[in-house]
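Following: one structure in structure tokens, then a few remarks.
Every number in this text was worked out from the coordinates using simple rules, so none of it is lab data. Keep in mind the model is a prediction, meaning the values are calculated, not measured.
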Amino acid sequence: MADSGSGADDVFDVERIRVLIELMKEHGLSELDLQQQDQAIRLRREGPPAPGMVLPPVAAAPLAPAVAPAEPEDGPNIVYIKSPMVGTLYLKANPNAELFVKVGDHVGAETTVCIIEAMKVFNEIPAEVSGRVIAILADNEEPVDHNRPLFKIDTSQ
């Protein structure tokens with residue numbers, strides 16, 4: 001009964017993977033996990049455009065600013081640094097390193113506030129604003145979605 005890894009039952013069959021990718025696009029899925037006996041496959045996509053097809057996620061990030069105006073109840077000087085992509089958030093360069101920024105730190109537009117790993121690419125995320133960090137809204141090594149608020153910044157300080 002065991003298949004040698006080829007044929008219609010092989011989850012790693014290239015044609016089957018292509019069909020799964022098209023189904024993911026058609027239904028707006030960003031991740032798909034399949035397991036068949038001792039074989040497993042996980043497919044992830046960033047969303048349009050697909051990574052590596054047109055522009056890598058790092059190049060696409062400046063087109064959609066990571067910083068958006070805060071909600072009105074936060075006041076005019078409060079902005080959120082939001083995730084420009086789906087991935088895993090890292091608040092430190094490595095497990096033994098200090099945090100990139102802490103609550104109370106002053107950041108400039110070029111200050112790296114975190115790294116987001118997407119498709120095995122580590123993308124440094126700059127603050128893009130100047131001000132004081134008043135809240136860190138996500139945990140280290142936490143999965144994050146596109147546009148998720150990560151940091152709360154007071155630009156008046």
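Tabulated data for the structure shown
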| item | result |
| --- | --- |
| Expected-Rg normalisation [2.2 N^0.38 Å, Cα atoms] applied to the range 75-134 | 1.15 |
| Distance between the range 83-103 and the range 104-152 - C-alpha centres, whole angstrom | 7 |
